[in-house]
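Student: The structure that follows is given in the form of structure tokens.
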């Protein structure tokens, strides 16, 4: 799990200083991944990316998040099948969606960006010439005591 937290301050001017900008706000982002090994040949993964609402020079960008799931099964030593569910919209959640609002003295605009949701991908892969042997590294001329 990882994240960022910062106070975003925007001061200055736009359009040759005809529009003064003075905006500040707290912004945070969280990235997390959970891996689970069910059996030696079957595993699952969940990851989530979240970005909080944040101020801009002329408005506000809404929060944004993307949950993803995947399952992977090794059928034979060289054959693997996987399924991925990207931008999983569970229970009507508004995933992969963001509202961007911009305003000024004489205008106001807002746009709701909705990208693809509930993308399911199936993958079947076969590895040729798979080697289960460990790589043989060269031995130092000084022996094992070299450091």
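Read the figures in this text as sums done on the coordinates, not as results from a lab. The structure displayed is predicted, hence computed values, not measured ones. Here Cβ is always computed from backbone atoms with ideal geometry, including for glycine, and neighbour counts include all displayed protein chains.
Student: List residues of the stretch 42-82, by number, whose backbone nitrogen lies under 13 Å from a label position 7 Å along Cα→C-beta of residue 6.
Tutor: Within reach of a label on residue 6: 55.
Student: OK, next. At residue 69 and residue 112, where each label point lies 7 Å from the Cα along Cα→Cβ, what is the point-to-point distance in nanometres?
Tutor: A separation of 2.5 nm, rounded to one decimal place.
Student: Further, regarding this structure: With N denoting the number of residues in the chain, provide Rg(C-alpha) divided by 2.2 N^0.38 Å, to two decimal places.
Tutor: It is 1.67.
Student: Three principal axis extents, largest first, for the C-alpha atoms of the stretch 1-49, in Å?
Tutor: 63, 18, 8
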